[in-house]
Amino acid sequence: MRVSKRTDYALRALFTLVEHHGGAPIPIRELARRNDVPKRFLEQIMLALKSQGWVASAAGIRGGYFLAKGPEKITLGEVVRHFDGILAPIDCVSVTGYVRCSQESVCRFRRVFFDARNYVANLMDQSTLAEVAKGSPLTKKELTSGFNEFTGGEGI
């Protein structure tokens, strides 16, 4: 699974709003600056987030964006699906983006992708913005530990 820039930027903005939940609205210019996102692109993303009822905006000199829902009520799965659609790694294991493959009746690796789809979907659907915000950023050491012994880290 690979998320788009749109989803990446949406999540960056949402987590900034989570950090300031209950505080003053954050202007779009400030959201763009803090998250290293082009302002014009972020404006479109914020409108999409607003249409889902996840964020709201206030006009005026002290205006900006804020969470419209509590961060415990928004999941990563919802956000990723809204912007990128399916979470399945291949089309033949997708529920909503299913495309039949000529090898389905004999394919052995399809089950692994099916299990990966279920694991990722469950993890994303159980991960609320509030829970994820409590965690710490992933370190380079964590990212690379354990994989060299299996694959040399290539292709991961």
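The values are calculated or read from the model by the stated rules, or taken from the named source; none is laboratory data. Predicted model, so just to flag it, every value in this text is computed and none were measured. A quick note on method: Cβ atoms are made from the backbone with ideal geometry, for glycine too, and the neighbour counts reach across all protein chains shown.
Just a few scattered comments:
- Tally of residues being within 30 Å of ARG111 (Cβ to Cβ) and touching a Pro at 6+ places or on another chain (Cβ under 8 Å) across segment 42-91: 0
- Of PHE15, PHE83, PHE109, PHE113, all but one fail to be outside the structural domain of ALA130 (by TED's automatic domain parsing) and on the phi < 0 side of the Ramachandran plot; the exception is PHE15.
- Residues that are within 30 Å of GLY135 (Cβ to Cβ), of a type in the set (Gly, Ala, Ser) and part of a loop (DSSP other than H, G, I, E, B) within segment 67-112 comprise ALA68, GLY70, GLY85, ALA88, SER94, GLY97, listed in sequence order.
- Looking only at segment 71-95, and only at residues there that are more than 18 Å from the chain's Cα centre (by Cα) and β-branched (Val, Ile, Thr), the one that is nearest to ALA56 (Cα to Cα): VAL95
- Breaking point among (1) assigned by TED's automatic domain parsing to the domain that holds GLU19; (2) surrounded by 15 or more Cβ atoms within 10 Å (Cβ to Cβ); (3) in contact with a Lys or Arg (Cβ under 9 Å, 6 or more places away or on another chain), for CYS92: (1)
- Restricting segment 105-131 to residues that are surrounded by 11 or more Cβ atoms within 10 Å (Cβ to Cβ) and of a type in the set (Val, Ile, Thr), the residue that is farthest from the chain's Cα centre (by Cα) is VAL112.
- Enumeration of residues in segment 27-48 that are surrounded by fewer than 19 Cβ atoms within 10 Å (Cβ to Cβ) and among the aliphatic types (A, V, I, L, M): LEU47, ALA48
- Residues that are assigned to a helix (DSSP H, G or I) and of a type in the set (A, V, I, L, M, F, W, C), drawn from segment 1-43: ALA10, LEU11, ALA13, LEU14, PHE15, LEU17, VAL18, ILE28, LEU31, ALA32, PHE41, LEU42
- Members of segment 129-153 found to be modelled with pLDDT under 65 and in a helix (DSSP H, G or I), listed by number: ASN148, GLU149, PHE150, THR151
- Subset of segment 49-66 (residues that are assigned to a loop (DSSP other than H, G, I, E, B) and either surrounded by 13 or more Cβ atoms within 10 Å (Cβ to Cβ) or touching a Gly at 6+ places or on another chain (Cβ under 6 Å) (or both)): GLN52, TRP54, GLY63
- Test: VAL93 is β-branched (Val, Ile, Thr) and at pLDDT 95 or above: no
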